[in-house]
Each structure stands twice: as structure tokens, then as C-alpha cells.
Amino acid sequence: MFPRTLLTLVFVIVVAYVHAQQIQANDKPHNGLLSNVPAKRQNVLTRLVERSTPFVVLQYQQQGRYLLVDITPGLKYQLSEKLSLGLGWNRRVAFNEYYRAFSNMPRTFGPRSFLAYDMGWGLSPRIECEMMNAPVPPIVQKIRSEFHDRQWVPGVFIGVEKGCKLSKHVRGNLLVMVRTFNPQGKGPYNDVINIRLGVDVVSNTTRRSASSLPKQ
């Protein structure tokens, strides 16, 4: 029912698995899957893998008869020891409590990116930008009429992320994001303040790579 979300989620899981297998095999960057790649390309690919962290973010909302869950798998790239850039694909899964079935009518999907700065103590202020294909007027609004159009709706959020270590290679995140841009009230969200939960798959290679990057 949601092929794009499933394919993106499978891709992130595969990247995380391959990344973990490379770490367990050895720490040499030119072995394994990159053995047949030229040296210059090996350096670029190795750097991309070492600095990338797969993540998944979830957000729950409820409006009327609909239970809404936003699923955002993606990859975070470490620009420096403190600064990171992320890109993901958000897809909203809607369940109609009245009919006891999933519904395509409130579906919302689109790219989401963010820029975060690690302050220490697990705190990272961040700014997010997104472009969502959503029903207009939004399903989350209390309106009497059905939506009559679908549009690409931009959105901007600022907030903070609080991270905690769940295991050796899994990091949990709590995100409190404030919506700062909602053109003509078309944004597909209930409130100005949005709470999200996420997990990052962090490897030893990623941590070593981040520690060797320039501070900003």
C-alpha cells in the first residue's frame, strides 16, 4: 500500500546492515565491497559510508476518526565534528478508526531535510525544511467539507533534539520541533509544536570519522 515508504525503509536497513558487516570484517577501507573499485573512488565511497548514519523518525497525530503516523527514514551525513546534514522521505500512514481500515485519502508524502549542531550533553539544535504533497484543506483541520485538492506544501521547523544511547550501535532521539512557516494554514500538522521519536544506527567507524573531522 505504501511502496515508496517501504522501499526507502528497506534501503536504509540494507545500508545499515552493509555498514555493520564492513565494521565487523575489518577496519581497512579498501576491502570487502570496495575491493574492485579504483583507489580514488574508494576514498570517496569510504568517506561517504563512514560519515553517513541511517535513521528513522516517527510522529503520531490523531484527528477525528483518523490515526496518523508519519514515518521518515533517511540518512544523516556528518559535515564536521559538530555539524550534520540529513535527508529523508516522509510518508504518512492513516488508519480510519470508524471503518477499521487504512485510508489513502489523508496520505501525505515528500522530502524532508535538516541541519543540526551538536552542542554536547546529547543536545542538538536543528532546523528542518520539507515539501509535502498533502490534501488541501488539511485533514488535520476541523472542517466540515472534504478536501478538494492536493498541493505541494512547504514547511519550516526549528527545535532541538535530545539523544540517548540505547545500545552500542543504536541511539534514540526525542525531537521537539516548532513550526515556523505554515503558508495559508495548509500545513498537514495539528499543532505548532510537534513531538517526534527517532533512532540512529551509529557505528564505531562513524564515531571515529566524526572525531577526526574539523570542529565548527
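Looking at 134, 116, just one residue is modelled with pLDDT under 95 and among the small types (Gly, Ala, Ser), and that residue is 134.
One line per residue, one yes/no per condition, for (1) among the aliphatic types (A, V, I, L, M); (2) over 30 Å from residue 94 (Cβ atoms):
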position	(1), (2)
47	no, yes
51	no, yes
54	no, no
58	yes, no
64	no, no
69	yes, no
73	no, no
77	no, yes
82	no, yes
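Say we look at the stretch 86-99 and pick out the residues that are under 22 Å from residue 193 (Cα atoms) and not charged (D, E, K, R); which of these is farthest from the chain's Cα centre (by Cα)? By that ranking, first place goes to 94. Residues of the stretch 54-71 that are among the polar types (S, T, N, Q) and under 11 Å from residue 197 (Cβ atoms): 59 alone.
Mind listing whichever residues of the stretch 167-177 are among the aliphatic types (A, V, I, L, M) and surrounded by 13 or more Cβ atoms within 10 Å (Cβ to Cβ)? Give the derivation first.
Initial filter on the stretch 167-177 (among the aliphatic types (A, V, I, L, M)): 170, 174-177.
Residues satisfying the conditions are 174, 175, 176, 177.
Cβ-Cβ distances below 7 Å connect the following pairs, each with a first residue in the stretch 168-185 that is closer than 20 Å to residue 124 by Cβ and at pLDDT 90 or above, a second residue that is basic (Lys, Arg) and exposed (fewer than 13 other Cβ atoms within 10 Å of the Cβ), and a separation of six or more residues or different chains: 171/165.
The values are calculated or read from the model by the stated rules, or taken from the named source; none is laboratory data. All values reported here derive from a predicted model rather than from experimental measurement. No Cβ is skipped: glycine too gets one built from the backbone with ideal geometry, and neighbour counts run over all protein chains shown.
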